[in-house]
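Let me begin by presenting the structure, written as structure tokens, before commenting on it.
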Amino acid sequence: MKVVRQFLHFLKDYKLSMVMFMTVTTLSVLAESMRPWSLKMILDSVGVNDMNRVYWYLGLLGVSTIGGNIINSLGYFYGDVVKIPLSKQIREVVFKKVLDLDFAYHVDKNTGSLISAFRRGDGAVNSIFDAVFQEIYWTIIYIGVALWFLFQASPSIGMALVGLFAINMSMIFWLIKKNLKTRVVFNKTEDEISGIIADTMINYDTVKFFAAEKREEKRLANKFSEWTRAVWDYANTFRMMDVGVGTVSASGMLLMLWIAVSKLNNGLTIGDIVMISGFVTSLHFQFFHLFSQIRNIAKHTADLEAYFGILDNEVCVKEATRPRKIKKMAGKIEFQKVGFVYPKNNQKVLDDINLVIKSGTKVAFVGRSGTGKTTLVKLLLRFYDPSKGRILIDGVDIKKMTKSNLRSIISVVPQEPVLFNNSIKFNLAYGKEEATMEEILTVAEQANIIDFIDKLPKGWDTMVGERGIKLSGGQKQRLAIARALLTNPKVLIFDEATSNLDSESERMIQTALEEVSKSRTVIIVAHRFSTVRDADNIVVLAGGTIVESGKHQELLAKKGVYEKLWSIQTKGKSKKK
Ligand SMILES: Nc1ncnc2c1ncn2[C@@H]1O[C@H](COP(=O)(O)OP(=O)(O)O)[C@@H](O)[C@H]1O
Ligand SMILES: [Mg+2]
């Protein structure tokens, strides 16, 4: 199984600790199985009145019991020596993978389910490790040792144990298959429940706007009826196991004891009977233990598969094998016959985009909502690769640059910036951890955010809340602008960045924009045309392709799409006045 290979792969780094751990565990089994045998030897020695041997075996019994207990704890200790760093290592690897995965993965993912996959996966690593290397390994060796002693005493009892083992194991495996199947259904409904809860928590403001609390309660309650059915199906398989394995083990135990008793004084001594009943009663318990441990593995295999399955996701936007690094970036951007279809979606979003953006110029993308303006920006950042054509920066195909290099020269102010639940300063400096306060103050001033921060009681240390909820749309936007400026990017993109601002802030940002645009290429995506009038080139998109481009006056003179959109906007404005 693949998941076993993946697990063993992680364990490779802990060879030495594993050897220590398995050795100590083996010693602990041997100490444990000394007990029934020592008892037999004590009784047999009493029978022949050899008191010296009685004391000797009594000593052995004492040492193996006390020593066994200590060795047992040492075994658990070595288990922890492997498990603790293993859990940390796997979590780090999976977390790194999730971070490395494409934008497309993150668009599709369900945060609630992903978090439960992490939590359950880590639990599964611990439980499966315990079950396989501590419990099952221990029990199998114990059964082996018991088998050896029982065969020595009486081959028919040994055979009975082999038979009992075979019947129990086949029953355990049959029931576990059933158990696994119901577990998958249960996990699915459990994830859906977490998904609904997480989704409602994230959208709590929408829920409040529409007073939809009752509706959300009902949505959860409906899912819970499916969940209840799944839980019962799952729980019932456990009861079947309890009854099945319990009955078979108890019958087997009675059979072995019956054989032993019937052979008393007929090949077996009292000492033998005591030893056999010692092993047999403990075996009854061991079978239950074995089955609960295999059940544990079965229960957690699906969790482990989901956890390691995250590692199987492929990064579609591949890193260049021999990347080129542009030393002195000018900031010229070219789209050559670019076409794009979103993955898992057959709808063509962009088609035959041809465009040259000269370095240091200011270009505007305008067009109705949904025509693909943001998609163009995402392609430029390599959140996705174009389905057709290519994009060049300073003549280099962006696929030939590393993603981090590419993204370090471009800064984006998105339409709806999301902030970390941390301080204003942390959020502002996110793109440049080593930024000095002076640099921070410069960009904060350019983004017109200083006055606002100075008025806050905690100033730069003010916490912004989850996703930045404690700031207004305009404040968040200006913080995002400052954050984008801090890295001093060659290419600056505003994706409808001023649409959440009031006219006054917008005007201030406009002035700042002129200032910061001087030494860089600027792309402005806007639906409010007032912000793009002075652009060097206005690119009009419609139906996923470029229909017109030129300066404001040229486009108006054309009396095409731009002129139509412009007149709608200006008319709207004059009406309001
Ligand atoms: N992740 C996505 N998966 C599938 N389709 C998407 C995705 N993101 C956007 N789209 C679709 O692509 C089209 C263009 O979207 P977008 O580039 O955001 O438009 P604009 O920014 O011009 O308003 C829209 O029809 C939108 O529904
Ligand atoms: Mg958009």
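Treat the count of other C-beta atoms within 10 Å as a stand-in for reagent exposure and order Thr26, Thr301 from fewest to most. Write down the numbers at each step before the final one.
On the way: Thr26 15, Thr301 18.
Ranking Thr26, Thr301 by Cβ neighbours within 10 Å, fewest first, gives Thr26, Thr301.
So if I restrict to the alpha-carbon atoms in the stretch 333-576, what is the Rg, and what is Dmax, the biggest pairwise distance, in Å?
18.4, 54
Give me the distance in nm between label points sitting 7 Å out from Cα along the Cα-to-Cβ direction at Asp394 and Leu8, one decimal.
The answer from the label model is 4.9 nm.
Can you compute the charge dipole magnitude of the chain about its Cα centre, using +1 on each Lys and Arg Cβ and -1 on each Asp and Glu Cβ, nothing else charged? Give it in debye, rounded to the nearest 20.
Dipole about the Cα centre, nearest 20: 2140 debye.
Please rank Ile70, Ile176, fewest neighbouring Cβ atoms within 10 Å first, as an exposure proxy.
Least to most surrounded, the residues fall as Ile70, Ile176.
Place a label point 7 angstrom from the Cα of Ile197 along the Cα-to-Cβ direction, then list the residues of the stretch 214-247 whose backbone nitrogen is under 13 Å away.
220-221, 224
What per residue convex hull volume, in Å³, do the alpha-carbon atoms of the stretch 2-312 yield?
In the stretch 2-312, the Cα convex hull volume per residue is 149 Å³.
Run the dipole for the stretch 2-312 about the Cα centre, Lys and Arg Cβ at +1, Asp and Glu Cβ at -1, nothing else charged, and hand back the magnitude in debye, nearest 20.
Dipole of the stretch 2-312, to the nearest 20 debye: 320 debye.
Which one of Tyr562, Val125, Met159 is farthest out on the positive end of the charge dipole of the chain, using unit charges on Cβ (Lys, Arg +1; Asp, Glu -1) and the Cα centre as origin?
Result: Tyr562, furthest along the dipole toward the positive end.
Positive end of the dipole of the chain, charges at C-beta (+1 Lys, Arg; -1 Asp, Glu), about the Cα centre: which of Ala31, Met18, Leu513 has its Cα farthest in that direction?
So the residue furthest toward the plus end is Leu513.
Could you calculate the contour length gain from Thr402 to Ile270, that is, 0.36 nm times the residue separation minus the distance between their Cα atoms, to one decimal place in nm?
39.7 nm
Would you mind calculating the gained length between Lys318 and Phe224 on full extension (0.36 nm times residue separation, minus the Cα-Cα distance), in nm to one decimal?
Values: separation 94, 0.36 × 94 = 33.84 nm, distance 4.10 nm.
Result for the pair: 29.7 nm of gain on full extension.
Name the residue from His106, Leu220, Met171 whose Cα lies farthest towards the positive end of the charge dipole of the stretch 2-312, charges +1 on Cβ of Lys and Arg and -1 on Cβ of Asp and Glu.
Met171
Can you pick out the pairs among Lys327/Lys432; Lys476/Lys571; Lys490/Lys559 whose Cα atoms lie more than 23 Å from each other?
Details: Lys327/Lys432 19 Å; Lys476/Lys571 30 Å; Lys490/Lys559 34 Å.
Distance filter (> 23 Å) returns Lys476/Lys571; Lys490/Lys559.
Let me know the charge dipole size of the stretch 347-445 about its Cα centre in debye, to the nearest 20, where only the beta-carbon of Lys, Arg (+1) and Asp, Glu (-1) is charged.
Rounded to the nearest 20 debye, it is 540 debye.
So which of Lys399/Lys558; Lys12/Lys399; Lys96/Lys344 end up more than 29 Å apart by C-alpha?
Those over the limit are Lys399/Lys558; Lys12/Lys399.
In terms of Cα to Cα distance under 14 Å, which aspartates and glutamates are near enough to Lys518, apart from those fewer than 8 places away along the same chain?
Asp534, Asp536
R0 = 35 Å: FRET efficiency of Leu456 with Arg368, Cβ-based, nearest 0.05?
0.35
Going by how many other beta carbons lie within 10 Å of each one, how would you line up Thr111, Thr25, Thr361, fewest first?
Final ranking by Cβ density, sparse to dense: Thr111, Thr361, Thr25.
Quote to one decimal, in nm, the extra length available between Lys518 and Tyr76 on full extension: 0.36 nm per residue of separation minus the C-alpha distance between them.
Gain on extension, Lys518 to Tyr76, equals 152.5 nm.
In the structure shown, do any of Lys358/Lys400; Lys318/Lys358; Lys88/Lys177; Lys425/Lys458 have a Cα-Cα gap over 22 Å, and if so which?
Over 22 Å apart, Cα to Cα: Lys318/Lys358; Lys88/Lys177.
What FRET efficiency, computed as 1/(1 + (r/R0)^6) with R0 = 22 Å and r the Cβ-Cβ distance, is obtained for Ala211 and Lys109, rounded to the nearest 0.05?
0.15
Mind giving me the FRET efficiency for Val184 and Gln152? R0 is 51 Å, r the Cβ-Cβ distance, nearest 0.05 is fine.
For R0 = 51 Å, the calculated efficiency reads 0.65.
List the equivalent ellipsoid semi-axes of the chain in whole Å, largest first, each obtained as the square root of 5λ for an eigenvalue λ of the Cα gyration tensor.
72, 25, 22
Since every read-out is calculated from the coordinates, none of them should be taken as a lab result. Predicted model, so just to flag it, every value in this text is computed and none were measured. Cβ: placed from backbone, ideal geometry, glycine included. Neighbour counts: every protein chain shown.
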